[in-house]
Structure formats: structure tokens, C-alpha cells
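These notes are about the structure you will find just below.
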Amino acid sequence: MDATTQPQVPPVSRRTDRAAHWADETADKVIREKGEKALYTCASGITPSGTVHIGNFREIISVDLVVRALRDQGRRTRFIYSWDDYDVFRKVPANMPGQEELERRLRFPITMVPDPWGRDESYARHHEVDVETALPEVGIFPEYLYQADNYRSSRYAAGIRRALEHREELKNILDTFRDEDHKIQGDWWPISAFCGGCGRDETAIEGWDGQWEVRYRCASCGQTAAVDLRQAKEIKLGWRVDWPMRWAYEGVDFEPAGKDHHSQGGSFDTSRRVCKEVYGWDAPVTFRYDFIGIKGTPGKMSSSRGAVIDLRDVLRVYTPEVTRYLFAGTRPNTEFTISFDLDVIKIYEDYDRTERIAWGDEAAKDEAAYRRERRIYELSQPGVDGEGRTAMPVVKPWQIPFRHLCNLIQIADGDIDRTAAALRAGPAGGGGPGAGPSEEQLPGLLSRCRRAKYWVEECAPEEFRFRLRPPGERAAGLSEQELAGVRLLRDRVAARIETYDGDKSRAEAIYQCATDAGLEGKELFRAAYQALIGKDQGPRLASFLGSVSRDRLLAILAAY
């Protein structure tokens, strides 16, 4: 869409089938396998043992997309996100401050580890807050469950007792997926305890009375205790029993998992059996999602490996819509890479094309391609209606190519307000007032401007960056012939920049200046870039000159 495009009511979707997207396919599968229900529960969760990286976010947004697909069919849906903050703090991630203090807190529940930044009440809560404050930016609003609170309030007492009653059955299920060298040996219990005295989990279960009382001994401080599951705060189920117990407790209908959990004989296989055979609930519908790479960082990301990329990092470069697009436009079982290099420009171009197709400004290959692109675009929007269903923007966004916007930001010396004002006033080469974004389209433009500024200043390769010379600063080393070409460029093109009707006519004038100065086109280009930005190369010259005001061009070139 060009600069004259005005806001309009979005076109009615021509999507005629619900399987236009993998999220719709999954929603259909949930309904088919779980049957007609008054409420469908979709779940996700993680242990906040370190930075919740963008790979973890893939699970969150995958659930969100399925939740939206269910709601788009008119189904009431609950989206729960479990913080497993009653897990053991086993390892200090390399990217955390206060390493020595954190080391002293190993083997405590992570909810009892102090926040090394001093911002929140615990280490776990710090990481939870980081996620909970970022998710609304991308339109994700789950119901948060805090497992430390649930366990300490004895909410799972009946589920724990049921595991104890089925202790041998659980042992057999777990051993089914182990080879002989890794089968459970000796006295095994499906529970563990954080010591009520010292807080650590270096305890051994010593017995259960067959009702509600559990006895344990702490190897760290020597304390022995007998606790009632209905009041105890320190008893917890092991992971492969805890997960299916909570599926049954919450009535979970859908939950995806990473390919490590979905490996043959992995935690999902064992949990499926535990859920059905011990807790009497059919395991949720699921799918496997793959890992995410970061350009230049091969392999699976892990919050225990030090520096990681989280959602905030991605949102500094990509708008919320484009961030969602990265995931909505990729099937979950496909590995992909999030780039922070020049590929950023291509990703914005891809999103813009999808947007044009969705709004009917560019033709898709066929009806199926239209439905696919339209649906991806709908699911990429952070906003939803009052029922939580996908919603198109109220007005058509005003598009500007990300590459061009980055150039404009640099021309404006990084000033976003100047950039936006120049765009609203219309292009320097003509177009007039009103050719830019409307007031309603301005927030979207400013959002993209902030990402362009950050990317140029923090991520872009050096060859992409430039700074316009201040008036009076002259390039050294230009030949007399090159100086003559720059003067022609100044007097014939820069002085009349507002009279050209576009890049093509400006380009023709630039080449004529080169011919009249006895230069090859590329020789004049190099001289012009040196005169304007002190580099041998820069943005496409015809467009670049049209983006700088006449007065500023003449002030810089006056030195020649």
C-alpha cells in the first residue's frame, strides 16, 4: 500500500474452512477427541529456574494460538500457565548476578531463593514477573497458577495420597520405559520433602501410615518429622507423577511439549499412562514443538548456559505483530531461527506482504493461499475482541519498508519524532501534506520506528549504519573530477529535489550528472556517499537523496 492509503474497515474474511491454519487443525482435534464440553482447558508451564528464554515462549504462544482457534469457534476456553516454583534450585545459571549467594541456596525450593537483583520477593518471582509483564505486549493473558502456593496450601493432598496408594503401580509404569540398568532400585517413593527445619530437599522418606501421615528424615540438618498431608507444606510429588496429577486435577484438554519430552519413552509417554491408570483422566491432546535457534548461536538454547534471548530481547527488534507472526507463520514441529542481523529486513518484508494480502491490497496465488495468509495475519495480531477471539486491526496499518525506515531514522539522527513528523508531512520529492500516516495509524508507525532505531544502533552490521555529515565537514581524497560531479549533483539534483516525481526521475538526473562530469555512475555514487556520509557505499542514492530535505542537502554539499 502506498503513502496515500487511508484507513478503512477491514474486509470480511473469505476463510471458509476452519483448517486454514495448524492452530485451527489442533482446535478441531481437541474438540473431536475430548468431545463437546462447556469449557476446554489448555495448559502450559515452566520452572522459573532462570531466564525464561524465547524457546520457552514458543510453548506459551503455541497454546495461545490454539486457545484463540477454539474461541473463534465459539468454545469457552481456559488458558492456565503453571509456574513450577516449588521445584528444587539445582544449578546457578551463568548469567545470574550474586553467584556465591545463589550457590548457598542450592537444594532449596526456588521460591525460597532470594532475588539477586533485590526487585522481587524471590528469585522465582523475579523471573515470573519478567514474563508476566511482557506477555500482554503480544496479547497473551493466561491464568497463572503458582505451584509453591498450591503445594503449601495442601491443595494436592488427595493427589499425593493417591500416588502413595498406587506406589508399586507407579514404579512399574516408570520402569516400563527404562532399560535394565536404569530401573528403580531399592525403596522408592513417588514423593520428596523439603525439610521443615532447614528448607533443603536432602531428605529421605521413611514411611507412610497408609492414611495421611508421612515421615521423613533430613540428611542436611538431621531433623526427623511426621507430617499430615492435609496440613503439610513440605511434601511434593516427583515430576513424572506431578505433571499427570495436575492434568487430572485441572481437567487439562490440551498441552504441547518440547521434543525432548515427546521422545520415545520420555516424560509425556510415562505421564500419559500415569494420568489414565492412576488418576483416571485421559491425557491432554498434544503436539511436539521444536527448538528455536538464534542466528549465530547453534543448537538448543538453555537458561543454564548463560546468556540467552528472551521475549523482551525479541520485542526490542520486532513489533508485537511481527513477533507473533514468527510463530503463527511456522508449524510448531519445525525448527527455525530468530535473526537479529540483516535477515530482520526480510522478515519485516514477509510480514508486510502477508498484511497486504490480508487487506486485499495484493493478490494471493489462489484462494487457498489467501485463506492461509489471512489466517496467519489474524493470529499475528495482539488484539482480540471481548470474547477473546481473533480480531483484525480497526484501521489498515500504514506500511513503510523496514529498510527504508531504518535509513530515515539515521537521516533524522535517531530522532523518532522527527522521523514520524517527516513521514506525516509527505515525501521530500513531492506528495504533499496528508500523504503520510493518519492519526489513527501513527501508533503503529511509532512502534515500528522504535524497533528500527534499536536495530540500527544495537544490532545492524556496521556497513548498514551511517551518519550524515554536519555542514562544513568536507570529505578528503576526492579528485577534481569527482568534486565536479558532486557539485553537479548539488546544483542540478539537490537544489531541485522537490521537483522530481520519484526515484526513477532522480536516478536519471544522477546518471546525467555523472556523464557530464566524465564519470562512471559508480564513481559518482562513491563520491556522493563520501560527501554525504563519509563512506564508499550507502542506501540507494536516488531514494536516499529524496529522503533528505533540500536545505540539509545543500548545507552539507555547500562545502564542495
Test: residue in the stretch 110-123 that is touching a strand residue (DSSP E or B) at 6+ places or on another chain (Cβ under 9 Å) and either in a strand (DSSP E or B) or under 30 Å from R389 (Cα atoms) (or both): no
Close pairs from the stretch 135-149: first farther than 26 Å from I160 by Cα, partner among the acidic types (D, E), Cβ under 6 Å, at least 6 apart: I140/D64
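Take the stretch 377-394 and flag every residue that is modelled with pLDDT of 95 or more and in a loop (DSSP other than H, G, I, E, B).
Here is the first cut: in the stretch 377-394, the residues modelled with pLDDT of 95 or more are 377-382.
Of everything in the stretch 377-394, those that are modelled with pLDDT of 95 or more and in a loop (DSSP other than H, G, I, E, B) turn out to be Q381, P382.
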Residue list for the stretch 207-219, filter: of a type outside the set (A, V, I, L, M) and either surrounded by 15 or more Cβ atoms within 10 Å (Cβ to Cβ) or under 19 Å from A158 (Cβ atoms) (or both): W208, D209, G210, Q211, W212, E213, R215, Y216, R217, C218
Checklist (1) at pLDDT 95 or above; (2) in contact with a helix residue (DSSP H, G or I) (Cβ under 9 Å, 6 or more places away or on another chain) applied to L39, failing item: (2)
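Residue-by-condition table, conditions (1) polar (S, T, N, Q); (2) at pLDDT 95 or above; (3) more than 28 Å from the chain's Cα centre (by Cα):
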residue: A226; (1), (2), (3): no, yes, yes
residue: D290; (1), (2), (3): no, no, no
residue: K300; (1), (2), (3): no, no, no
residue: T319; (1), (2), (3): yes, yes, no
residue: T323; (1), (2), (3): yes, yes, no
residue: F327; (1), (2), (3): no, yes, no
residue: T330; (1), (2), (3): yes, yes, no
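Looking only at the stretch 212-238, which residues are among the polar types (S, T, N, Q) and either touching a Phe, Trp or Tyr at 6+ places or on another chain (Cβ under 6 Å) or farther than 23 Å from D149 by Cα (or both)? Even if it seems obvious, please write down each step before you answer.
Of all residues in the stretch 212-238, those among the polar types (S, T, N, Q) come to 220, 223-224, 231.
Across the stretch 212-238, the qualifying residues are S220, Q223, T224.
Looking only at the stretch 488-504, count every residue that is buried (at least 16 other Cβ atoms within 10 Å of the Cβ) and of a type outside the set (D, E) and tell me the total.
Within the stretch 488-504, the first condition is being buried (at least 16 other Cβ atoms within 10 Å of the Cβ), and the residues that meet it are 488-490, 493-494, 497, 500, 503.
Subset that is of a type outside the set (D, E): 488-490, 493-494, 497, 500.
Of the residues in the stretch 488-504, 7 are buried (at least 16 other Cβ atoms within 10 Å of the Cβ) and of a type outside the set (D, E).
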Subset tally (residues that are of a type in the set (D, E), at pLDDT 95 or above and not in a loop (DSSP other than H, G, I, E, B)) for the stretch 344-376: 5
Wholly enclosed helices (runs of 4 or more DSSP H) of the stretch 476-560 bearing at least 1 residues at pLDDT 95 or above and among the β-branched types (V, I, T): 480-488, 503-516, 521-533, 550-557
Residue within the stretch 158-179 that is under 24 Å from T270 (Cβ atoms), more than 39 Å from the chain's Cα centre (by Cα) and part of a loop (DSSP other than H, G, I, E, B) present: yes
Filter result (charged (D, E, K, R) and modelled with pLDDT of 95 or more) within the stretch 462-472: R465, R467, R469
Test: residue in the stretch 251-263 that is in contact with a strand residue (DSSP E or B) (Cβ under 9 Å, 6 or more places away or on another chain), among the hydrophobic types (A, V, I, L, M, F, W, C) and surrounded by fewer than 23 Cβ atoms within 10 Å (Cβ to Cβ): yes
Condition met for S192 (out of contact with any Ser or Thr (no Cβ under 6 Å at 6 or more places or on another chain), part of a loop (DSSP other than H, G, I, E, B) and small (G, A, S)): no
Answer residue from the stretch 228-264, given it is more than 30 Å from the chain's Cα centre (by Cα) and either at pLDDT below 95 or assigned to a loop (DSSP other than H, G, I, E, B) (or both) and is nearest to Y81 (Cα to Cα) among those: G238
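The values are calculated or read from the model by the stated rules, or taken from the named source; none is laboratory data. Only a predicted model underlies this, so the values are computations on that prediction, with no experimental measurement involved. In this analysis, Cβ positions are derived from the backbone assuming ideal geometry, glycine residues included, and neighbour counts consider all displayed protein chains.
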